[in-house]
Structures are given as structure tokens and as C-alpha cells.
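J.: Questions regarding the structure given below will be posed in turn.
The values are calculated or read from the model by the stated rules, or taken from the named source; none is laboratory data. All values derive from a computational prediction rather than experimental measurement. Counting neighbours? That spans all protein chains shown, and the Cβs are built from the backbone with ideal geometry, glycine included.
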Number of protein chains: 2
Amino acid sequence: MTSAPTAAERPDLGTPTGLEALAQRHQDKLDAALAAIHDRTYWSAYPESPSPRVYGEEAGPAGQAAYESHLGRRFDLAQPGSDGWAGSEVSPYGPELGVTYPHLTADALIMAAAAALPAWRHSGPASRTAVCIEIIDRINARSFEIAHAVMHTSGQAFVMAFQAGGPHAQDRALEAVACAHAEQTRFAPTAIWEKPQGKKPPLLMEKTSTPISRGIALVIGCNTFPTWNAYPGLFASLATGNAVIVKPHPRAILPLAITVAAAREVLAEAGFDPNLVLLAAEDPDERLAATLAQRPEVKIIDFTGSTAFGEWLEANARHARVYTEKAGVNAVVIESTSDYAGMVANLAFSLILYSGQMCTTPQNLLIPDSGIATDQGRKTPAQFAADLRAAIDATLGPDQQAVELLGAIVNDGVLARLEAAAARAAAAGGAGRIAVTSREIAHPSFPQARVRTPLVIHTEPGDEAITSECFGPVTYLVSTASAQEALAVFRRTVAAKGAITAAVHSTSDEYLEQARTAALEAGVALSENLTSGVYVNQTAAYSDFHATGANPAANASYTDGDFITGRFRVIQSRRHLPQRS
Amino acid sequence: MTSAPTAAERPDLGTPTGLEALAQRHQDKLDAALAAIHDRTYWSAYPESPSPRVYGEEAGPAGQAAYESHLGRRFDLAQPGSDGWAGSEVSPYGPELGVTYPHLTADALIMAAAAALPAWRHSGPASRTAVCIEIIDRINARSFEIAHAVMHTSGQAFVMAFQAGGPHAQDRALEAVACAHAEQTRFAPTAIWEKPQGKKPPLLMEKTSTPISRGIALVIGCNTFPTWNAYPGLFASLATGNAVIVKPHPRAILPLAITVAAAREVLAEAGFDPNLVLLAAEDPDERLAATLAQRPEVKIIDFTGSTAFGEWLEANARHARVYTEKAGVNAVVIESTSDYAGMVANLAFSLILYSGQMCTTPQNLLIPDSGIATDQGRKTPAQFAADLRAAIDATLGPDQQAVELLGAIVNDGVLARLEAAAARAAAAGGAGRIAVTSREIAHPSFPQARVRTPLVIHTEPGDEAITSECFGPVTYLVSTASAQEALAVFRRTVAAKGAITAAVHSTSDEYLEQARTAALEAGVALSENLTSGVYVNQTAAYSDFHATGANPAANASYTDGDFITGRFRVIQSRRHLPQRS
């Protein structure tokens, strides 16, 4: 672990004055975040470039050293009631991490969280917001360390692991904290209520409105984006006054262990109980998430992962507010384009990035049988497939470049699905045949890493395969009888199975309007005619919402009002004031 | 039915220009509501006095005539697919109303609502807010008609039926509409997003954020406050773009039928499908609420009523967002007072009002065995009981005055519970004995009305009876071993069974602080030292929250952010803009 700042460096954080000073120090950042959240304009608190010119010459090597210092060691967090050590992470790039983490039972975790809760719960939004932003700043200072941890648990390539696991996740965290601040300060904390009574003196009361947290929150992390998908729920719950138990995916513990350590460090310095944020590492097959989720003390659950467990949580943890992000079937509707090369290159990059192991990667490319009008003439589905294959190869380039985009296959399940889909397509004659072959690439630095290029399968709307998510580098090129049928398939698959993202390519204002209406009705965000440096996979904090909560892929959105308001309640008290003389 | 305004009176409402003019006309009201909601100060859009000086000399007689015109008739709403007539309301004051309402099956209701939805869903918050405020204004104009309908379905006395069923309910409706407006306009509808790219031109996008309703909403009304408890959910769902099916309690249809008629009238004038608001009157034992609640098309449910059905909805309508207000055990903790006479009179009024048939009526009065310090010396529980009895009698006064406070017993269930509690207490020797006897009063105008004064039973903390709601004029005076035990019983009963209201009387700052902390932890609003014209039963729209959502009595609150945010989603689209030259 990196060492905590000394008391001399931050002498007064744990006093009311210290908390006020902290709030003042972070006020500009909070204000800028709130303005961006309202305006939906570009803003970022944390630079996304891992360049030494941005983070300094030392940051990269120091972060790598900090990461390596964890390997083969116990990651102590001084959590009370620990009964052993858990953890057996293996990098998708090959090496075993050899890190173990304190193991606590559900009882021990809940006892520690419950004991930590009262002071935090009653400390007020201003203090909590300041402490949370300080935590995110400390996490930002550990971005290189976290990037290596994300890389070696998710299989992301380094730059992506830095960006998505570091600053982009931190921006989503700050977004959640700012939204939590806004929601908790929606109503004046004290008010004078004076009701006229005709000729009699008015009724005169003082009223107090206090936001009070629900209690203990549980965050269940995922394998592929351990920080990015955990931070919104973690910080939304913490900022609204809850204690948070962080249950990482067993294959991606380290990024969240570093996160929890940073949070505990700041909480303790600020005079709060560090057990407000606890790591729940688990033994194999312990099913600790399910155990915790069924505890009545757990009032809030954030989950990212499989549809099966997400639906189980929604059905079985009814005592809690459950926010889920599950599987979806993302679609791109292709009707026409004025920039064919740009469109194909943009789609190629979307499929390549992290080997399609994103909940936002397009799965179904819907294109009319008769082809599409483009600035390079009419293109049939077969021509489009050939051009997509060429664009994928051009974008990948030589192997040492390709692996920096593809990363590694995160786990056996993804590889098995890819191989099964490829085998099925290779055996198929007509519909379901291979349009773009998935290649195996040898990683120049990590020979054990499994690297695969995207597989694209040409099929038809009736194929069952297009109606469920095949998480990983598998995409379906679906030829439809018409551009209208493409929209119909889009509407049908999103309504049935949900989607996190959707895109359309069209030069027709009328068709774009139809696509917008279809997306509004299906409840999915729509990217239109992306042909340059913005990809459908990517959302920007403060400006883009991630998921909508309006289709089966997710019941929540980063970060709308509904993602925050269920995490606390407003409790009022009122009393008469003496009549004015 | 009253006749709709002629086209000449409102010639242009159904045009975009007309909707803009309507929005302008209601802008000041919206702004004032939003300011009060933030500041929690006193404000009201609709005068609560039924005085002719306020509403005009004609309003009272015209409203009564309008009410009487419904009696013995079919209340036609021109709802499509009606297959008959339902309704068999009998006034708690005696007469059968003889009104029947169109009956539609769940299929017919959902088909009509679904067909009505699209234009409203896509019309935008400004138009919807304006239309909703216009509906509430029209409802306000029918306050006397609605007051008689509320009186003769709920058993409330006339003035209370006017206030709670009219302007107070209308204020809660406007509060919900204003909150819905605020939540839907939280994010800029369009934005320019410009991300710097170092030396390259910035990425430049236009983004659109659209609030989109969930679909069809169901409001399940209650017997005692047919309008007051239905309006927040009805107007929150409607203003956020949903179609609303209003399922009244079978004994309290008329107030909501008039409401639905007013809504349909305005919607049609504004060019929308009137089937956006539908009345779902049901045949006896049809269980239409349960049938509708299980339909997947129903995405939002608001319910006020029994804990049993509320919990059934929460468990079985998991495809919908369910907002419930159920039973609770309201408590008053009495430790000391500087105004004994004021305190006792205030409590007496709280127990008398509408025969205790309010979800906000105190049920448990917690008082230490050793008595309380007051400005009139120390008072034992027995002395307090005697003084409470005297205060109840003094407040009631002669029978013709008493009935204007008590109203009538709303249904047989309330009467049976009262009689059972009285019989049990009469048979008890020690704990559980009668402290204040319930008397029967003959109503001077309505001989068939069943009028009863409050029953107060003196008991101890171990009595099972104090741990569940006995809805109606039954209150427990609970002697505790100490003032601290009073707080403990308060905490325990609210945590176990919930509460809508709580109050404390104490002259000790320390004890008040303990009570505040207990109320915050238990999640119930607290009224402190009410000794004059504000009663624990009553909350003021815009300033007081009704229920908290933080204890088992309700999972929602009128009106916090959480009451609104689940009723719609934000769906985004984005597209590149040409680079600036």
C-alpha cells in the first residue's frame, strides 16, 4: 500500500474547521461539475492522458512500482473482524497476481458498517461532498497504480485501463457526488413558515428538513470495468450518507481494493470511521454478494453483471433499492451515409476496442439487403462486410499496435462463446456464415495473453442468435428486407432484451427522425452518424447518460435524478416560533 | 356533469400557440410553487376557505346543485370500450348516491390509455405542465361540488371535505406538477459538447436530452381521502408524460370521477386524447386494481390503503415502480410542557378531527408513569387522561358543533374495530382499561350517520395492541417506566410498523434533541410542542412532506425527488456538428 499522508501534511481535516476548509477547497470543482451536469457540456476534472507532460515524469514509474508492490502480498486494510485472507486473481495477460485481501463474513461486514454509520449519516451533505471529492482526488493521484491493476484484472490494454479505469471512472464518481449534493440540497434545510390567519396573528413555525441516508449500501463490481462501473453507485451511496460494502468481482479485486484503501484513508483523516467503506473479498464459491443482498440491513444495491443475477437481485432483494446494469443487445442501424470510409472506420474501431468486451459494443449491425447509398456509391451488405474487414485490419495494424487496442480476452467464458459462434458460423452455408474472421494474435510482451480480433457473422433477422447478448468480440451483420425492417428489428430486440447503446447512419432527415422516435420509444440513447473520433461505445461523464433505465438492459442510468433520490430520505421536524411583537 | 367551456371561450388551446399561451398564463403560479417547494415557506395557490367572500356567493349553491345533479344518474365520461355501468356508493351520512360510472375491463382501459399515450409522451414538459395546471384550476373551480362528493363518500364533515378534498388536495397536485416540471427540466434539452483535442480541431457534437414517460400509470384511491391521496400520484404521473388509469375505492368514486371529467375536458380542449386520464370503476369483488397492477403495460402504481394490499403490490407488481402509503402507528411522546392547557387542547383536537380516521391521527400517547412537569404542576397519566377527556368534551361542544368536527364513521370496519377495542377495554381491569369513553352522537341533520367520539385506552408498553394500527377513533395512552422508555417505545413501534406522523412535548432541549435523533433514525417527521392552531395530523403542501418513505408506513413521500424521478427516463441522442471554420 502507498503510505497515507502524514498528519503534518493535513493537520486539520478531522475538525469541523478542517471539513469547512476542505469544502471550500473543492467548491470550484463541485460548481463546475454541477454546471456541466445541467448544461451537458464538455468538462472533466481529471486529465485522461497518461502523458508525463500531464501527470509528471514520476507518476508513471511510481504508479507501476506501487502496483508491483502489491503482487504476491497481503493487501491489508485493517478491517475489523477479518477471519482470513481471500483472493486468487490471475491476469488475463498471464501472471497470477498473488494478492490476498482480508476476508470478512457478512456478519462482520455489516457489524462494522453499522457501527461506522451514525456520525457520517448525520454529518450533512456539505461535509460528505467535500470528503468524497477528496477521496476521488486521492484516487486520481493513484491513477497509474489503478491502471495497472485494471489492466491485469480486466485484460484492457494499458492506455484504456488508465483512461476508463482512471480519469473517466473518476469523472463518473465526481458526477455522482455532484448529483448527490444537488439532490440533498434541493430543499432549504431550515425555513420559517408563516401562515396568515385573517385578523388573528399568523401561525409561525420553524421547520428543519434533513436528508438522511438509508443505511448500508452494497456495490457488486464486475470483471471488465471494476472501477468505472462501481464508482457511480459507490460514490452516490457514500455521498448521500450511507456506509458502503464493496464486493468486487473475484477476478477483479485489486482496483477496488486500492479504491477502498484511498477512501478509508481520507475518511479516517477527516475524523470518520474508515469502516464506512469496506472491501468484501470472498472465498471461491462463497456467493457473498447473494448473502449480503439478502440481509435486511442492506438498503441499497448497485450491480453490474449478468442478466441472470441482476434479475435475481431485483426479485429477491426487495427490501433494498436495487440498481442494475445487465446484458443488452446493442444495435447499429445503417441506412445510408455521406462518409462511407469514416463510417466503416468508426464501426471497425468500435468492434475492436477491448475485443468487444464492453457493455456498449455494438452487437447487431442492421443493413438492408438492397444495400445503402453512400458517397462512394451503393454498397451491398457483402461489400460492406468486405470493407469492414479491411477497416478492421487497417485499424489493427501490426500486432504490437493491435494488442494496444484489443487488450486480452478477459476470461474463459468469453473465449468459449467466441469459439462456439465461430464454429457455428463456419458450419453454416447461408445465413449465419462468417463475414469477418476472428484471428488470434500473439501478444509481443505477454505470450500467455489470449488476443482475438473481432468476429462478424452475416445473418438474417430470424436468427435467434441476434436476440441475446454474446458478450465479447462477436458481432452480427443482419441483412434486412428494407431499411424499415432494420428499424423494426432494432425496436423489437431492444424492447425484448434491452440495449445500452444504439447508433444510426443515415443521410435522410426523415429516416433519422424515425430512428430517433424508435430510440425514444425503445428507451435507448442514440448516436447518429458517428464518423470520426467519437464512438458509440463511449459516453462522457457530465454530458452523456450511460444506460437509460428504460429498457431491460438496465433499470438505472449514470447519472440521472432517479439514480440518486432513492439513496436517502428527507426527514422533517417543525416547531412553533414565538409570535413577533 | 357540468358542461365543458365552449370553444368560443377558449378558442386556441388546442394549438401550439394555445399551449404556449397557456404556459405563459400559468408561469407565475409555477414559479411561486417552485420557490415555495425549495424554500419550504408558506404558500397556497387555492384558498382553503369555503367562505362566499372568497369563492363568491354563487359558488356554494352552484357546487351543491352540481353535486346533486349527479345523484341517481349515470356519470358518463365517454370512455371507449365501456361494457356497462358500475358503482353502488352509499353516503356515510345515510343516503345511497345512486350514481353509476362506465365500466371498462382492464383490456379496454389499457388499450385506450396506450392509444392516447404517444402525443402526450412526446409533447414536452412545458406543455404538460401547463395542461396539468389548467386541469387543477378547473378542479378548483369545482371545489364545492367535489366537497359534497368527498363528504358523502368519506364521511368527512363539510368544511373538512372542502379543505382537504378541495384546495389542500389541489395544492398537493400543483406541488407534484411543479416538482415534475423541475425534475424534467433538470438537464438542458440541447447542448453543444466541444472536447479539446490538443492541436487537432475539437470534437464537436450536438446532444439532445429528452424526458420520456414510462407509459401507463395506475392510481389506486382510498376511501377516506379520495382526492387528497390520489392527486400527488395522478398529477406526478400525468405531468411526466404518462397516461393514468384512476381506480377509485369502490366507496369513494364520485370525487375522482369529477376529477377525471375535469382532466379529460382540458386534455381534449388542448388537443390531446382525453383517454390519457381514465376512470376505472369496478363491479363488486372484481379486484380490478390487482388485475391492472399485474399487467406489464402498467409501469407505475400509486397506492394508498391497507398494509396487506400495499405489500402485495410491492411483492407482485415488480415490473412497475410502486409507491405505497400503508398503515402506521403514529406516536406522541409527552415528557413535559410549558403550556399544559394548550397541549391537551391540541391533542384533543387531533383525536377528534374526522373521528381519528386519518393516517396521520396519533395512535399512541406515550407518557411516563411518574407524570410530567407542566406549567400547572406535575401531572400523572391519570390526571392527563382526565384533562384530555375534559378537553375533548370542551372541543366537541354541543352535538351540532361536534358533528362538524367528527364527521361520520366511514364504514363498518372502523365501527367494528372501535366497538371491539371498547369491549376489550371495558373488560380489562388494569392495563387496557378505558381512559376516555367513546360516546355516540346523534347527527342533527343526518339521522343515519354513525358519529362517535374518540376512545382512549390506558395501557402499558407490553400491550400488543399498541404495535398495530387501529384505524379510527381509538387511541392508546401508554404509561412508560420513564421518559427514556417512552422514546424507546416510539423508536421500536415506528421501526417495526412505521408511522406517518410523530410528535413530542418537552421543555428540555436535551430531550427534544433526543426525540429529533430518534425521529431521524426511525425515519418519521416530528412535530414539536404543538399547542395552538397547527395539528400533528396536518401537513402543508410545498412546506411539509407527507410521510417519508423511510419507515414501513410508506415507501414514498409527498413530494420529494424520489416521488418523481422514477416516473420518466432521460433518453439522449447525439450527432456531430460541422467543425467551425
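J.: Restricting to segment A:532-544, name every residue that is in contact with an Asp or Glu (Cβ under 6 Å, 6 or more places away or on another chain) and either among the aromatic types (F, W, Y) or facing chain B (nearest Cβ under 7 Å) (or both). Write out each step before concluding.
T.: Of segment A:532-544, the ones in contact with an Asp or Glu (Cβ under 6 Å, 6 or more places away or on another chain) are A:541-542.
Within segment A:532-544, A:Y542 is the sole residue that qualifies.
J.: Only one of A:L30, A:L34 is over 23 Å from A:G165 (Cβ atoms), modelled with pLDDT of 95 or more, surrounded by fewer than 20 Cβ atoms within 10 Å (Cβ to Cβ) and under 24 Å from the mean Cα position of the chain (by Cα). Can you tell me which? Lay out the reasoning, then the answer.
T.: Working: A:L30 fails: surrounded by fewer than 20 Cβ atoms within 10 Å (Cβ to Cβ).
Step by step, each of A:L30, A:L34 is checked, and only A:L34 is over 23 Å from A:G165 (Cβ atoms), modelled with pLDDT of 95 or more, surrounded by fewer than 20 Cβ atoms within 10 Å (Cβ to Cβ) and under 24 Å from the mean Cα position of the chain (by Cα).
J.: Across segment A:558-581, which residue is nearest to A:T360 (Cα to Cα) among those that are within 17 Å of the chain's Cα centre (by Cα) and either of a type in the set (D, E, K, R) or more than 7 Å from chain B (Cβ to nearest Cβ) (or both)?
T.: Looking only at segment A:558-581, we keep the residues that are within 17 Å of the chain's Cα centre (by Cα), and these are A:558-564.
Checking which are either of a type in the set (D, E, K, R) or more than 7 Å from chain B (Cβ to nearest Cβ) (or both) leaves us with A:558-560, A:562-564.
On the way: A:Y558: 13, A:T559: 16, A:D560: 18, A:D562: 21, A:F563: 19, A:I564: 23 Å.
The qualifying residue nearest to A:T360 (Cα to Cα) is A:Y558.
J.: Another question, if that's okay. Look through segment A:103-125, keep the residues that are over 19 Å from A:A290 (Cα atoms), surrounded by 20 or more Cβ atoms within 10 Å (Cβ to Cβ) and not small (G, A, S), and return whichever of them is nearest to the chain's Cα centre (by Cα).
T.: A:P125
J.: Can you tell me which condition B:S306 does not meet? The list is (1) modelled with pLDDT under 95; (2) surrounded by 21 or more Cβ atoms within 10 Å (Cβ to Cβ), and all the others hold.
T.: Condition (2) is where B:S306 drops out.
J.: Same structure, new question: Answer yes or no: is there a residue in segment A:234-246 that is touching a residue at least 12 places away in the same chain (Cβ under 8 Å), more than 18 Å from A:G124 (Cα to Cα) and either surrounded by fewer than 24 Cβ atoms within 10 Å (Cβ to Cβ) or of a type outside the set (V, I, T) (or both).
T.: Residues of segment A:234-246 touching a residue at least 12 places away in the same chain (Cβ under 8 Å): A:234-246.
Going one step further and asking which of them are more than 18 Å from A:G124 (Cα to Cα), we end up with A:245-246.
Imposing the further condition that a residue be either surrounded by fewer than 24 Cβ atoms within 10 Å (Cβ to Cβ) or of a type outside the set (V, I, T) (or both) reduces the set to none.
Checked against the condition, which is being touching a residue at least 12 places away in the same chain (Cβ under 8 Å), more than 18 Å from A:G124 (Cα to Cα) and either surrounded by fewer than 24 Cβ atoms within 10 Å (Cβ to Cβ) or of a type outside the set (V, I, T) (or both), segment A:234-246 yields no hits at all.
J.: Could we say that B:P368 is surrounded by 24 or more Cβ atoms within 10 Å (Cβ to Cβ), touching a residue at least 40 places away in the same chain (Cβ under 8 Å) and closer than 30 Å to B:A554 by Cβ here?
T.: Working: surrounded by 24 or more Cβ atoms within 10 Å (Cβ to Cβ): no; touching a residue at least 40 places away in the same chain (Cβ under 8 Å): yes; closer than 30 Å to B:A554 by Cβ: yes.
So B:P368 does not fit the description; no.
J.: With segment A:47-153 as the region, which helices (runs of 4 or more DSSP H) entirely inside it contain at least 2 residues that are touching a residue at least 60 places away in the same chain (Cβ under 8 Å)? Give the derivation first.
T.: Numbers: elements: A:52-55, A:59-70, A:106-121, A:125-141.
Fully inside segment A:47-153 and qualifying: A:59-70, A:106-121, A:125-141.
J.: Let me ask another. For segment A:329-343, state whether one or more residues are closer than 26 Å to A:I139 by Cβ, surrounded by 20 or more Cβ atoms within 10 Å (Cβ to Cβ) and among the small types (G, A, S).
T.: Of all residues in segment A:329-343, those closer than 26 Å to A:I139 by Cβ come to none.
Among the residues of segment A:329-343, not one is closer than 26 Å to A:I139 by Cβ, surrounded by 20 or more Cβ atoms within 10 Å (Cβ to Cβ) and among the small types (G, A, S), which makes the answer no.
J.: Also, quick follow-up: Tell me which residues, restricted to segment A:38-62, are of a type in the set (D, E) and away from chain B (no Cβ under 14 Å).
T.: In the first step, residues of segment A:38-62 are kept if they are of a type in the set (D, E); the result is A:39, A:48, A:57-58.
If the condition is that a residue be of a type in the set (D, E) and away from chain B (no Cβ under 14 Å), then A:E57, A:E58 are the ones that fit.
J.: Follow-up question, since we're still on this one. Does A:A290 count as among the aliphatic types (A, V, I, L, M) and buried (at least 23 other Cβ atoms within 10 Å of the Cβ)?
T.: Judged against the criteria, A:A290 is not a match.
J.: Right, here's the next one. Every residue in segment A:249-266 that is part of a helix (DSSP H, G or I) and either surrounded by 23 or more Cβ atoms within 10 Å (Cβ to Cβ) or of a type in the set (G, A, S) (or both), please. Lay out the reasoning, then the answer.
T.: If we filter segment A:249-266 for residues that are part of a helix (DSSP H, G or I), which is where we start, we get A:254-266.
Listed by number, the residues that qualify are A:L254, A:P255, A:L256, A:A257, A:I258, A:T259, A:V260, A:A261, A:A262, A:A263, A:R264, A:V266.
J.: Among the residues of segment A:488-509, which ones are over 28 Å from the mean Cα position of the chain (by Cα) and not acidic (D, E)?
T.: Our first condition is that a residue be over 28 Å from the mean Cα position of the chain (by Cα); within segment A:488-509, this holds for A:488, A:506-509.
Those that are over 28 Å from the mean Cα position of the chain (by Cα) and not acidic (D, E): A:A488, A:S506, A:T507, A:S508.
J.: Pairs under 6 Å by beta carbon, first residue on the phi > 0 side of the Ramachandran plot in segment B:297-313, partner modelled with pLDDT under 95 and in a helix (DSSP H, G or I), six or more apart or different chains?
T.: Short answer, once both residue conditions are applied: none.
J.: Sticking with this one: Just to confirm my filter: which strands (runs of 3 or more DSSP E) fall fully inside segment A:302-420 and include at least 3 residues that are more than 25 Å from A:P461 (Cα to Cα)? Talk me through it step by step, then tell me what you get.
T.: On the way: elements: A:321-325, A:331-334, A:364-368.
Answer list for segment A:302-420: A:321-325.
J.: Yes or no: A:T539 over 30 Å from B:T559 (Cβ atoms) and either among the small types (G, A, S) or out of contact with any Cys (no Cβ under 7 Å at 6 or more places or on another chain) (or both)? Working first, answer last.
T.: Working: over 30 Å from B:T559 (Cβ atoms): yes; either among the small types (G, A, S) or out of contact with any Cys (no Cβ under 7 Å at 6 or more places or on another chain) (or both): yes.
Yes: the conditions hold for A:T539.
J.: Which ones in segment B:438-471 are of a type in the set (G, A, S) and in contact with a strand residue (DSSP E or B) (Cβ under 8 Å, 6 or more places away or on another chain)?
T.: The initial filter retains those residues of segment B:438-471 that are of a type in the set (G, A, S), namely B:438, B:442, B:445, B:449, B:462, B:465, B:468.
Across segment B:438-471, the qualifying residues are B:S438, B:A442, B:A465.
J.: I would also like to ask the following. On the basis of being among the small types (G, A, S) and within 30 Å of B:L577 (Cα to Cα), does B:S209 make the cut? Reasoning before the result, please.
T.: Numbers: among the small types (G, A, S): yes; within 30 Å of B:L577 (Cα to Cα): yes.
When the stated conditions are applied, B:S209 passes them.
J.: I've got another one for you. Kindly indicate whether A:T291 is closer than 16 Å to A:V150 by Cβ and polar (S, T, N, Q). Steps first, answer last, please.
T.: Values: closer than 16 Å to A:V150 by Cβ: no; polar (S, T, N, Q): yes.
No; evaluated as a whole, the condition is false for this residue.
J.: Report yes if A:A281 is buried (at least 22 other Cβ atoms within 10 Å of the Cβ), aliphatic (A, V, I, L, M) and more than 15 Å from A:H103 (Cα to Cα), otherwise no.
T.: Working: buried (at least 22 other Cβ atoms within 10 Å of the Cβ): yes; aliphatic (A, V, I, L, M): yes; more than 15 Å from A:H103 (Cα to Cα): no.
Criteria not met by A:A281.
J.: Take B:V494 and decide whether it is facing chain A (nearest Cβ under 9 Å) and among the β-branched types (V, I, T).
T.: Details: facing chain A (nearest Cβ under 9 Å): no; among the β-branched types (V, I, T): yes.
Against the criterion (facing chain A (nearest Cβ under 9 Å) and among the β-branched types (V, I, T)), B:V494 does not qualify.
J.: Name the residues in segment A:489-511 that are of a type in the set (S, T, N, Q) and farther than 25 Å from B:H576 by Cα, would you? Reasoning before the result, please.
T.: Quick first cut of segment A:489-511, residues of a type in the set (S, T, N, Q) only: A:493, A:501, A:506-508.
Within segment A:489-511, A:T493 is the sole residue that qualifies.
J.: Next up: Based on what the data block shows, is A:T291 closer than 29 Å to A:Y93 by Cα and away from chain B (no Cβ under 14 Å)?
T.: Numbers: closer than 29 Å to A:Y93 by Cα: no; away from chain B (no Cβ under 14 Å): yes.
No.
J.: Mind checking whether some residue in segment B:162-178 is over 15 Å from the mean Cα position of the chain (by Cα) and hydrophobic (A, V, I, L, M, F, W, C)?
T.: Start the filter on segment B:162-178 by keeping residues that are over 15 Å from the mean Cα position of the chain (by Cα), which leaves B:178.
Cutting the leftovers down to hydrophobic (A, V, I, L, M, F, W, C) gives us B:178.
Within segment B:162-178, one or more residues are over 15 Å from the mean Cα position of the chain (by Cα) and hydrophobic (A, V, I, L, M, F, W, C).
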